[in-house]
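S.K.: Have a look at the structure that comes next, please.
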Amino acid sequence: MSSSQITFFHDIRNLGINHNHWYAVARSVEVKCQPFSITLWHQSIVLYRDSEGKVHALEDLCPHRFVKLSSGRAIADELECAYHGWRFKSSGKCSYVPYLASNQKLPSCQIRTFPVQELNGFIWLFPGDKSKINLVSPLEIPEWEHLNYIATISVIKCRAHYSYLVENLMDMYHGHLHQNWQAWAAAKLIDLSENDDRVDAYYQAQSYYKIDKIWSISQLLFPSLRQLHPEPLNVSYIYPNWVSNLGKDFKIYCLLLPINEKQTQAYLIHFTSLHAFWRLHKLPEWFRRFVKNSLFGSAQKLLDGLVQQDVEMIEEEQQAYLKNPQQRSYELNKALVSTQRLIKKQALQ
Ligand code: FES
Ligand SMILES: [Fe+2]
């Protein structure tokens, strides 16, 4: 092995997460008044919306017989367990037992609750030490509301440790895999920086898309309209999430929801910028919002196609690791060493 090659140590594939961050656990539209169940690093959590639209998060476990509260329903702003009908307030206190005798008191149980906030189309949950909640904020996604950006969301579900997904996202040399989708080409790492919370990798690449004419958006649908041209391709692992931009026209976020050592979910959000269309910006706001909403999901086929290819590779990596955890791999991309270092640093905090 030459000195420019880097050896990976695979103990990272069993590392946990740093709980003292905000995690995007659901899309806002997914959480209605009925219970919605999610898992964040082995922790089952039930989300529901009260009659005022406020979202609450509780441990998804009835303190009576330890069944899932998410199998029940929300009634009068409280959660009712499916089994014996006990009800719980959003504070986690038991409020009602249907068969409570007149000489019995309500059980004094307290279900664990989690701080949640709704921001930029997602429900953000803080699973950590509540005394540290003010040290961090949810990832900013200014494009979500901005009228100049068209969003598309793809949900990633992969049977692999989250480190494989983050490494895939930080390693722009894997454009090779997506040749048929023509996402980007000829990436070259130019610069790299890292600190305790983030890794920024700056690549130079070739982009197939240029959004500068009103019909440019059709490049997403018709490959013959695309032309290669150089663009900066920057990717950042801003723990626990990922952000990237390809030139000025595209911005992509990946909001990670690690489930356990062998399962990861994530929301990939792709924004296409309409910045170049200055005529559009002069139109009334309601019309621009109409355009933004009508074009939501216009890159769906592309995004889902890329995700499918990535997931296939990531799951193969996980399987190979499980077969032979001691096997060492060879790496040439320094951005991945920084990425692993950040994962370790954060997980061991
Ligand atoms: S198990 Fe939930 S009410 Fe009995
Ligand atoms: Fe990819």
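S.K.: Looking only at region 328-335, decide whether some residue is over 18 Å from the mean Cα position of the chain (by Cα) and within 16 Å of ligand 2 (Cβ to nearest atom).
M.R.: yes
S.K.: Would you check if there is a residue in region 318-334 being closer than 18 Å to Ser193 by Cα and aliphatic (A, V, I, L, M)?
M.R.: Yes, because at least one residue in region 318-334 is closer than 18 Å to Ser193 by Cα and aliphatic (A, V, I, L, M).
S.K.: Being touching a residue at least 40 places away in the same chain (Cβ under 8 Å) and in a loop (DSSP other than H, G, I, E, B) is the requirement here; does Pro98 meet it?
M.R.: Answer is no for this residue.
S.K.: Also, I was wondering about something else. Within region 26-68, which residues are within 16 Å of ligand 1 (Cβ to nearest atom) and touching a residue at least 60 places away in the same chain (Cβ under 8 Å)? Walk me through how you get there before you give the answer.
M.R.: Kept after step one, since they are within 16 Å of ligand 1 (Cβ to nearest atom), are these residues of region 26-68: 35, 37, 44, 46, 48, 58-68.
Residues satisfying the conditions do not exist here.
Table: residues versus (1) away from ligand 2 (no atom under 16 Å from the Cβ); (2) β-branched (Val, Ile, Thr); (3) in a helix (DSSP H, G or I).
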| site | (1), (2), (3) |
| --- | --- |
| Ala151 | yes, no, no |
| Lys157 | no, no, no |
| His174 | no, no, yes |
| Gln206 | no, no, no |
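S.K.: Any idea how many residues of region 20-53 are at negative phi and surrounded by fewer than 18 Cβ atoms within 10 Å (Cβ to Cβ)? If you could, list the steps in order and put the result at the bottom.
M.R.: Filtering region 20-53 down to residues at negative phi leaves 20-40, 43-52.
Now drop any that are not surrounded by fewer than 18 Cβ atoms within 10 Å (Cβ to Cβ), which leaves 20, 27-30, 32-34, 37, 39, 43-44, 50-52.
Going through region 20-53 one residue at a time, the tally reaches 15.
S.K.: Only one of (1) outside any loop (DSSP other than H, G, I, E, B); (2) under 30 Å from Phe277 (Cβ atoms) is not met by Gln182, so which one is it?
M.R.: Condition not satisfied by Gln182: (1).
S.K.: Kindly provide the set of residues from region 190-204 that are within 19 Å of Leu228 (Cβ to Cβ), modelled with pLDDT of 95 or more and either assigned to a helix (DSSP H, G or I) or away from ligand 2 (no atom under 15 Å from the Cβ) (or both), ordered by number.
M.R.: Across region 190-204, the qualifying residue is only Ile190.
S.K.: Of the residues Ile12, Ile45, only one is among the hydrophobic types (A, V, I, L, M, F, W, C), outside any loop (DSSP other than H, G, I, E, B) and closer than 30 Å to Asn333 by Cα; which?
M.R.: Just a single option satisfies the conditions, and that option is Ile12.
S.K.: Let me ask something additional. Consider Pro107 carefully, then state whether it is in a loop (DSSP other than H, G, I, E, B) and within 16 Å of Ile38 (Cβ to Cβ). Steps first, answer last, please.
M.R.: Values: in a loop (DSSP other than H, G, I, E, B): yes; within 16 Å of Ile38 (Cβ to Cβ): no.
Considered against the rule, which asks whether it is in a loop (DSSP other than H, G, I, E, B) and within 16 Å of Ile38 (Cβ to Cβ), Pro107 comes out as no.
S.K.: Would you point out which residue out of Ser70, Ser90 is surrounded by 14 or more Cβ atoms within 10 Å (Cβ to Cβ) and assigned to a loop (DSSP other than H, G, I, E, B)? Steps first, answer last, please.
M.R.: Working: Ser70 fails: assigned to a loop (DSSP other than H, G, I, E, B).
Result of the check over Ser70, Ser90: Ser90.
Matching residues to (1) assigned by the TED database to the domain that holds Asp304; (2) out of contact with any helix residue (DSSP H, G or I) (no Cβ under 6 Å at 6 or more places or on another chain); (3) charged (D, E, K, R); (4) surrounded by 15 or more Cβ atoms within 10 Å (Cβ to Cβ):
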{"site": "Leu106", "(1), (2), (3), (4)": "no, yes, no, no"}
{"site": "Phe114", "(1), (2), (3), (4)": "no, yes, no, yes"}
{"site": "Leu119", "(1), (2), (3), (4)": "no, yes, no, yes"}
{"site": "Phe126", "(1), (2), (3), (4)": "no, no, no, yes"}
{"site": "Glu140", "(1), (2), (3), (4)": "no, yes, yes, no"}
{"site": "Arg198", "(1), (2), (3), (4)": "yes, yes, yes, yes"}
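S.K.: Hey, another quick one. Looking at Lys282, Lys345, which one is loosely packed, with under 13 Cβ neighbours inside 10 Å and more than 18 Å from Ala160 (Cβ to Cβ)?
M.R.: Selected residue: Lys282, the only one of Lys282, Lys345 that is loosely packed, with under 13 Cβ neighbours inside 10 Å and more than 18 Å from Ala160 (Cβ to Cβ).
S.K.: Further question on the same structure: Restricting attention to region 176-186, and to residues there that are aliphatic (A, V, I, L, M) and within 11 Å of ligand 2 (Cβ to nearest atom), which single residue is farthest from Gly247 (Cα to Cα)?
M.R.: For region 176-186, the residue satisfying everything is Leu177.
The values are calculated or read from the model by the stated rules, or taken from the named source; none is laboratory data. Computed from a predicted model, the values in this text were never measured in an experiment. Ideal geometry is used to build each Cβ from the backbone, glycine not excepted, and the neighbour counts take in all protein chains shown.
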